[in-house]
1. Would you mind putting 67-73, 143-149 in packing order, based on average other-beta-carbon counts within 10 Å, highest first?
2. Using the Karplus curve 6.51 cos²θ - 1.76 cosθ + 1.60 with θ = phi - 60°, what ³J(HN,Hα) values do you get for each residue of the stretch 139-149, in whole Hz, with x for Gly and Pro?
3. Would you please give the residues with an amide H less than 5 Å from that of Thr84, counting only those at least 5 places away or on a separate chain, with H modeled from the backbone geometry?
4. Would you order Ile116, Ile91, Ile7 from fewest to most other beta-carbon atoms within 10 Å of each residue's own beta-carbon?
5. Just checking my list (i) 58, 19, 15; (ii) 30, 18, 16; (iii) 25, 24, 15 against semi-axes √(5λ) of the Cα gyration tensor in Å computed from this structure; which label fits?
6. Where is the GNM fluctuation largest for the chain (alpha-carbon springs, 10 angstrom cutoff): Arg160, Arg94, Arg191?
7. Among Thr122, Phe45, Ile155, whose Cα lies farthest out toward the positive end of the dipole of the chain, if unit charges sit on the beta carbon of Lys, Arg (+1) and Asp, Glu (-1)?
8. With springs connecting C-alpha atoms under 10 Å apart, model the chain as a Gaussian network and identify which of Arg74, Arg163, Arg49 has the largest mean-square fluctuation.
Amino acid sequence: MNLQRVIQLKPEEEILLAVREVVLPRVPAFFMLGLWFLLPFFLLFPLFRLGWLGVLGFFAILVPAVVFIWRAYRKWSDTMLVITDRRVIDIERRGLFDTEVCEASFADVDEVTFRIKGLMPTLCRYGDVEVKISGAAADIEFCRVKHPAKVHDLIADLRRSAREGEADPAEQRIRRLAKVVPLEKIEGMQRAAEREVRTEAAQRFFGEKDDA
């Protein structure tokens, strides 16, 4: 799935994490679809002995199986939880031609929780992550994600950083500057600022001494 075709990243926005639902809960469904796909091949010779009706029956069984397998695969592969450095995005593929995208900035996130319930999720370490959004916006819930605790911690940290950035606009500007300015220049700016502070302190010290 090409994320750039589904979501439009803002200037200087970076994707930090993109996760899908674990495959394990869908294994029974994929197994049944696989049997459906193989069924006409097991009946190949009996069907072909019936002539064109048998050939028609062969493809009547095979084509729907291919369509449903493709639909199930696209529904799994195109359903993702995307976390950038500015927002959380829930992409859900509902059908071949039906995709729903929900997003929320970290400043609008009220609470983030995760839940691991059941023997298999506990053993395989997957669970559900829920992001509660302030206001009338719908909450974001992503089910059966691998390592939900890590996803929870990442969203919680970004939410905390967004709240702190809102409280201190200067810090937010410094963080944006740090993304585009090389480290060497930042270190040079830091040394220059430290020299300026020492110079001002020395001037105040000698000025007070002269006054005395």
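1. Details: 67-73: 13.6, 143-149: 17.1.
Those peptides, ordered most packed to least, come out 143-149, 67-73.
2. Computed from phi, the couplings for the stretch 139-149 are 5, 9, 10, 10, 9, 6, 9, 6, 6, x, 5 Hz.
3. HN-HN under 5 Å from Thr84: Leu16, Ile89.
4. Numbers: Ile116 13, Ile91 21, Ile7 17.
Neighbour counts put them in this order, fewest first: Ile116, Ile7, Ile91.
5. (i)
6. Arg191
7. Phe45
8. In the Gaussian network model the winner is Arg49.
Readers should treat all values here as calculations from the given coordinates under stated rules, not as data from a laboratory. If you're wondering where the values come from, they're calculated on a predicted model, not measured in any experiment. All Cβ positions, glycine included, derive from the backbone under ideal geometry; neighbour counts span all protein chains shown.
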